[in-house]
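**Student:** The structure that follows is given in the form of structure tokens.
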Amino acid sequence: MTVGAPTAAAGPSGTLPYVALGDSYAAGVGAPPYDIDDTCKRSSKGYPALLDPKGRIDLQANATCTGATTTYVRDNLPSELNEDTRLVTLTVGAADLGLSQVLAACTAVPPTGCQTEINRALALLAVPPGGESVLGGRLTDLYAEVADAAPNALIVVTGYPLLFELVQGDPNFDLKAQINSATAALNLTIKTAVESAQKSGVNIVYVDVTEQFEGHGIGSSDDPFINAPGQIPSQEDFHPNAAGYRAYAKAISAAIRDALDRQKQLA
């Protein structure tokens, strides 16, 4: 985790006014119950609601939504995201790649069009000589827009967990390894975009959650943090469960503490 500009201080009340942005992994899909009449499927077990049980972080707006792409987030920035905001979290990028389509194709019995879907997703992550990937460009632009809307905020961007535990002898080992590799490539693209934003002066950090989920993926002998697909497909498949969102909150909280400590050292 790397830190750019000095972290924003708490607001006048001593709390950090907070806005949550992002896709289903930010909304809490996979850990019901969801907010009533909420098509975005936001859950009180998602990480935005778990970040500060002591009330020092004031969640002003939860603008997360299942299926959100970088374009959706950019076009639906809430009015609460403003100069008073001191903390923003953002998990986005998987929907741009159509990760759900990749998983649907690759976990069908038998897999149908799996490699085609993986290749299509990876094409958006390919970096041309001297340039940046398609998704990397979208992310960099989005981070700049969020920073413009909330100039006094620390922006905390997360990656995604690797979905599968790889077990030798698993007949689907190679397939699961390809999906994990695609997720790792997505995380690298997000991290690189964050580093690019930092160089331009944006107060932004990247949080890698893979360590928190290590040993708890689908197929784990330990308590899994991710919902395995059932016989009947569900939107909750391949999303964190309640324990997974607690792991997300733990990683994000540690990043916020580190950033605040750095601010004190620079003061």
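**Student:** Out of curiosity, is Ala95 modelled with pLDDT of 95 or more, touching a Gly at 6+ places or on another chain (Cβ under 8 Å), closer than 26 Å to Pro224 by Cβ and part of a helix (DSSP H, G or I)? Walk me through how you get there before you give the answer.
**Tutor:** Working: modelled with pLDDT of 95 or more: yes; touching a Gly at 6+ places or on another chain (Cβ under 8 Å): yes; closer than 26 Å to Pro224 by Cβ: yes; part of a helix (DSSP H, G or I): yes.
The answer is yes for Ala95.
**Student:** Spot the failing condition for Gly113; the list is (1) modelled with pLDDT under 95; (2) crowded, with 18+ Cβ neighbours inside 10 Å, and only one is missed.
**Tutor:** Tallying (1) modelled with pLDDT under 95; (2) crowded, with 18+ Cβ neighbours inside 10 Å, Gly113 fails exactly one: (2).
**Student:** Being in contact with a helix residue (DSSP H, G or I) (Cβ under 6 Å, 6 or more places away or on another chain) and either without any contact (Cβ under 8 Å) to a residue 24 or more places away in the chain or over 17 Å from Asn180 (Cβ atoms) (or both) is the filter here; which residues of region 217-246 pass it?
**Tutor:** Residue satisfying the conditions is Tyr245 alone.
**Student:** So which of Ala95, Ala108 ends up being surrounded by fewer than 23 Cβ atoms within 10 Å (Cβ to Cβ), under 24 Å from Gly217 (Cβ atoms) and under 15 Å from the mean Cα position of the chain (by Cα)? Break it down stepwise before answering.
**Tutor:** On the way: Ala108 fails: under 15 Å from the mean Cα position of the chain (by Cα).
Answer to the check: Ala95.
**Student:** Scan region 66-92 for residues that are closer than 17 Å to Val157 by Cβ and assigned to a loop (DSSP other than H, G, I, E, B) and jot them down. It would help to see each step written out before you state the result.
**Tutor:** Taking region 66-92 first, the residues closer than 17 Å to Val157 by Cβ are 68-74, 77, 81, 85-92.
Ala68, Thr69, Leu77, Leu81, Thr85, Arg86, Val92 - these are the residues of region 66-92 that are closer than 17 Å to Val157 by Cβ and assigned to a loop (DSSP other than H, G, I, E, B).
**Student:** When Ala126 is evaluated against the numbered criteria (1) over 23 Å from Val205 (Cβ atoms); (2) in contact with a Cys (Cβ under 9 Å, 6 or more places away or on another chain), which criterion, by number, is the only one it fails?
**Tutor:** The single condition Ala126 does not satisfy is (2).
**Student:** If only one of Asp174, Asp208 is more than 26 Å from Ala20 (Cβ to Cβ) and acidic (Asp, Glu), which one is it? Break it down stepwise before answering.
**Tutor:** On the way: Asp208 fails: more than 26 Å from Ala20 (Cβ to Cβ).
Only one candidate qualifies: Asp174.
**Student:** Right, here's the next one. Output the residues belonging to region 8-24 that are modelled with pLDDT of 95 or more and either of a type in the set (Phe, Trp, Tyr) or not in a loop (DSSP other than H, G, I, E, B) (or both). Reasoning before the result, please.
**Tutor:** Restricting attention to region 8-24, the residues satisfying the condition of being modelled with pLDDT of 95 or more are 17-24.
Within region 8-24, Pro17, Tyr18, Val19, Ala20, Leu21, Gly22, Ser24 meet the criteria.
**Student:** Restricting region 25-46 to residues that are of a type in the set (S, T, N, Q) and in a loop (DSSP other than H, G, I, E, B), which is surrounded by the fewest Cβ atoms within 10 Å (Cβ to Cβ)? Give the derivation first.
**Tutor:** Looking only at region 25-46, we keep the residues that are of a type in the set (S, T, N, Q), and these are 39, 43-44.
Imposing the further condition that a residue be in a loop (DSSP other than H, G, I, E, B) reduces the set to 39, 44.
Details: Thr39: 10, Ser44: 15.
Looking at the filtered set, the residue picked out is Thr39.
**Student:** I'd like the residue in region 196-250 that is β-branched (Val, Ile, Thr), modelled with pLDDT of 95 or more and part of a loop (DSSP other than H, G, I, E, B) and, out of all such residues, is surrounded by the fewest Cβ atoms within 10 Å (Cβ to Cβ).
**Tutor:** Val202
The values are calculated or read from the model by the stated rules, or taken from the named source; none is laboratory data. Note that the structure is predicted; figures quoted are calculated from it, not measured. Cβ coordinates were reconstructed from backbone atoms using ideal geometry, including for glycine residues, and neighbour counts include every protein chain displayed.
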